[in-house]
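Report on one structure; see the data block that follows.
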């Protein structure tokens, strides 16, 4: 699969702290890995998310949808694919696929994020963010 | 809203460890609170979930859907409502609503769980679990 | 053991999210449980910690020491004992003991906290905090 | 500083999920980062820790000591130094130093680990582990 600018691939290893007594990762960790994917996808786009917040644009989650497809154990090396898209006038969507290095599915899903100021009030997508997300910029 | 046997209400306080730099709870904590709701709902039904696992029935998540409705800060007292239902022949569904003591919405959603053995292989819903979930038992 | 004003006892249950693949709690959870103990100990003293921060006094950890004494599994009911003491002119110490309901030891240790402003700069212990911690107040 | 075989250096970035409302990392995350350091240090030694557990040797924490030296914010790039040593006949010690890329101190400390079987019973240090930790092997 060719990766365009709005797609990003990274690797991460399952931490011992992320396992549970069933011997696989605890379910909420998927949302934390989704965050790792978003963070690295935005850095790769050219503007780290920490910089978003400095510029007054915050991306709190408004929805998360996760499908658990397979297990991942401590120290497994996972591949995290992130795809960013604009969803309406004031929200972003991140589509996520996490698989084992072998290709075995682990988890996929998507999150939808409002664009807000620091107090949580929705704002219009800032011009710099629209530009960042425009394919041919 | 009257609570029937398959509905359960509990309270929990937001821990400092559950906040993030935005000053509200970090998004993945919602799935951990959903788990607290499930645990207490099953204890109230008469069979703690730890007992499920001793009897060889595990309930790994196969889907989670979360809608973030409002903020919750450190030490806020939250009300967690859980509703259990059977979803198909071999899965359970938990519908969750979390609000502030004031009634302000915080998060809602649902999780779908397979019924499996310890190795993660799907099994039919055991008779004792069907009975537990049958309203007039 | 009689509990004086600066001692506090609470219960908590081990969450599934707090277990790891060894089947006991993951080690860092002890520090999160210590925080639960501090929070409830300060509420019992008469001033919730959230109020401390509103008044401009923060208590970041400067040291943590933890001894792991025994296992605790999912859903185990734990007893958390907290003892507050003043440690020098600008720090507080919390001595913690966590045991099973059976009395079996789980973890103990202590944390030392600076008294700082929101930016992390040490401040002198505010008069209201000194009063709060004075036995015969 | 030259790193010998029992010393290891890695980098990690502070996740958003690891921050708290004070804007720095939540204190328990230090123990999770220590675990990342141990995991990579043992992989670098030639035997991933997952392999230890497959061979029947577990390293549960028996003590953790942490000194918090400075802040680390979301997305800060941290350097994690780990030094392994044998501590008595049946325990290992990991000395940890975490600093910012700038060199500013963040956290340091050490953990002491028993060597046990899967049920938590202490065992003697296996010959393969002694060999692994012997400098001139």
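Is it true that some residue in segment B:77-99 is outside any strand (DSSP E or B) and either modelled with pLDDT of 95 or more or in contact with a helix residue (DSSP H, G or I) (Cβ under 6 Å, 6 or more places away or on another chain) (or both)?
No, there is no match, as no residue in segment B:77-99 is outside any strand (DSSP E or B) and either modelled with pLDDT of 95 or more or in contact with a helix residue (DSSP H, G or I) (Cβ under 6 Å, 6 or more places away or on another chain) (or both).
Hey, among the residues in segment D:112-137 that are touching a residue at least 60 places away in the same chain (Cβ under 8 Å) and assigned to a helix (DSSP H, G or I), which one's farthest from the chain's Cα centre (by Cα)?
Among residues in segment D:112-137 that are touching a residue at least 60 places away in the same chain (Cβ under 8 Å) and assigned to a helix (DSSP H, G or I), the one farthest from the chain's Cα centre (by Cα) is D:128.
Residue A:45 - would you say it is in contact (Cβ under 8 Å) with a residue 12 or more places away in the chain and more than 7 Å from every other protein chain (Cβ to nearest Cβ)?
Answer is yes for this residue.
Suppose we filter segment B:101-111 for residues that are within 20 Å of the chain's Cα centre (by Cα) and surrounded by fewer than 18 Cβ atoms within 10 Å (Cβ to Cβ); how many remain?
So the count comes out to 4.
Select from segment D:21-71 the residues that are farther than 30 Å from residue A:118 by Cβ and in a loop (DSSP other than H, G, I, E, B) and list them in ascending order.
D:46, D:47, D:48, D:55, D:56, D:57, D:59, D:60
Evaluate segment A:57-74: report whether one residue or more is farther than 19 Å from residue A:30 by Cα and within 8 Å of another protein chain (Cβ to nearest Cβ).
For segment A:57-74, residues farther than 19 Å from residue A:30 by Cα and within 8 Å of another protein chain (Cβ to nearest Cβ): present.
Of B:52, B:34, which residue is within 14 Å of chain A (Cβ to nearest Cβ), touching a residue at least 60 places away in the same chain (Cβ under 8 Å) and either out of contact with any strand residue (DSSP E or B) (no Cβ under 9 Å at 6 or more places or on another chain) or over 30 Å from residue C:52 (Cα atoms) (or both)?
That would be B:52, the only listed residue that is within 14 Å of chain A (Cβ to nearest Cβ), touching a residue at least 60 places away in the same chain (Cβ under 8 Å) and either out of contact with any strand residue (DSSP E or B) (no Cβ under 9 Å at 6 or more places or on another chain) or over 30 Å from residue C:52 (Cα atoms) (or both).
Go through segment D:4-31 and give me each residue that's in contact with a strand residue (DSSP E or B) (Cβ under 6 Å, 6 or more places away or on another chain), more than 10 Å from every other protein chain (Cβ to nearest Cβ) and farther than 14 Å from residue D:98 by Cα.
D:6
Among the residues that make up segment C:34-46, is at least one of them surrounded by fewer than 22 Cβ atoms within 10 Å (Cβ to Cβ), at pLDDT below 95 and under 21 Å from residue D:29 (Cα atoms)?
no
Among the residues of segment C:79-99, which ones are closer than 30 Å to residue B:42 by Cα and within 14 Å of chain B (Cβ to nearest Cβ)?
Within segment C:79-99, C:80 is the sole residue that qualifies.
Before we move on, is residue A:39 within 14 Å of chain D (Cβ to nearest Cβ), without any contact (Cβ under 8 Å) to a residue 24 or more places away in the chain and touching a helix residue (DSSP H, G or I) at 6+ places or on another chain (Cβ under 7 Å)?
yes
The values are calculated or read from the model by the stated rules, or taken from the named source; none is laboratory data. Because the structure is a prediction, the values reported are computed rather than measured. Quick reminder, even Gly has a Cβ in these numbers, built from the backbone with ideal geometry, and neighbours come from all protein chains shown.
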